[in-house]
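These notes are about the structure you will find just below.
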């Protein structure tokens, strides 16, 4: 059993009504998570069954669930500390009747096939050979492909999606070609994609992808203009303020807020 000391944790707002317990020096809720959860809810309005792959501490799946009042959520996570926090976050927000948390590897866990109208994921971004893997196991598994990569996420999503379902995930803009190859190799079809720029004048940091189980009749993917988080002075844009408002946040936030 994982023991979590209160002095190692913070309790932060995930939405206006739900909180997120996370480690002070561990893997934390980020803008990537916020925008993946937002994009998922925008792509599938009124989802009924949601599956979150590699759920971490629960951010993406819970954000999508917040925007889908009638839905239930299944969250899969294999890293022990993140799973303990996931369970804690489900309990702290009294979501036990809507969320099923499964401890295990998304490549090995069997879920109901062709049953989910929304699947979400935030795959780790880096091959272990591409950098220094943190000694902290939670950080290491969140950032590096130690239990599967974007190809594995796409394959798992493909088997779980209903025929009209959508898989929404984020991946580094610099690796966009690799993400598109994973979508194609899994037999998915790209429906839409949006690049995210953290601050005016910078290059895109990551991209959001929405994929379908079957691309028949969908036509060419839609590619909206890049999403700008902050202007040149570091102020959140009207676009980002509107996104935060969908989760009940209407006031100005510090620069480091997701």
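Go over the candidates 96, 121 one by one and state the one that is within 15 Å of residue 61 (Cα to Cα) and free of Cβ contacts under 8 Å to residues at least 12 places away in the same chain. Spell out the reasoning first.
Details: 121 fails: free of Cβ contacts under 8 Å to residues at least 12 places away in the same chain.
Criteria check complete, one pass: 96.
Take the stretch 48-70 and flag every residue that is surrounded by fewer than 24 Cβ atoms within 10 Å (Cβ to Cβ) and in contact with a helix residue (DSSP H, G or I) (Cβ under 6 Å, 6 or more places away or on another chain).
Looking only at the stretch 48-70, we keep the residues that are surrounded by fewer than 24 Cβ atoms within 10 Å (Cβ to Cβ), and these are 48-49, 66-70.
Correct list: 67 only.
Looking only at helices (runs of 4 or more DSSP H) that fall completely inside the stretch 62-161, which ones have 3 or more residues that are touching a strand residue (DSSP E or B) at 6+ places or on another chain (Cβ under 8 Å)?
Filter on the stretch 62-161 gives 80-92, 150-160.
In the stretch 52-74, what residues are within 17 Å of residue 161 (Cβ to Cβ) and more than 11 Å from the chain's Cα centre (by Cα)?
68, 71, 72, 73, 74
Take the stretch 43-59 and flag every residue that is closer than 11 Å to residue 118 by Cβ and either outside any loop (DSSP other than H, G, I, E, B) or in contact (Cβ under 8 Å) with a residue 40 or more places away in the chain (or both).
First pass over the stretch 43-59, keeping only residues closer than 11 Å to residue 118 by Cβ: 43-52.
Across the stretch 43-59, the qualifying residues are 43, 44, 47, 48, 49, 50, 51, 52.
Here is a check on your reading of the model: is residue 169 within 20 Å of residue 59 (Cβ to Cβ), in contact (Cβ under 8 Å) with a residue 60 or more places away in the chain and part of a loop (DSSP other than H, G, I, E, B)?
Judged against the criteria, residue 169 is not a match.
In this structure, does residue 102 turn out to be at pLDDT 95 or above, within 23 Å of residue 31 (Cβ to Cβ) and more than 16 Å from the chain's Cα centre (by Cα)?
Details: at pLDDT 95 or above: yes; within 23 Å of residue 31 (Cβ to Cβ): no; more than 16 Å from the chain's Cα centre (by Cα): yes.
So residue 102 does not fit the description; no.
What is the residue count in the stretch 175-193 for residues that are within 17 Å of the chain's Cα centre (by Cα) and in contact (Cβ under 8 Å) with a residue 60 or more places away in the chain?
Qualifying residue count, the stretch 175-193: 1.
Does any residue in the stretch 232-258 that is at positive phi come within less than 9 Å, Cβ to Cβ, of a residue that is at pLDDT 85 or above and surrounded by fewer than 16 Cβ atoms within 10 Å (Cβ to Cβ) six or more places away or on a different chain, and which pairs are these?
Here the result reads 248/16; 248/17, each pair linking the stretch 232-258 to a residue that is at pLDDT 85 or above and surrounded by fewer than 16 Cβ atoms within 10 Å (Cβ to Cβ).
The values are calculated or read from the model by the stated rules, or taken from the named source; none is laboratory data. Values in this document were obtained by computation on a predicted structure and should not be read as measured data. Backbone-built Cβ (ideal geometry, glycine too); neighbour counts: all protein chains shown.
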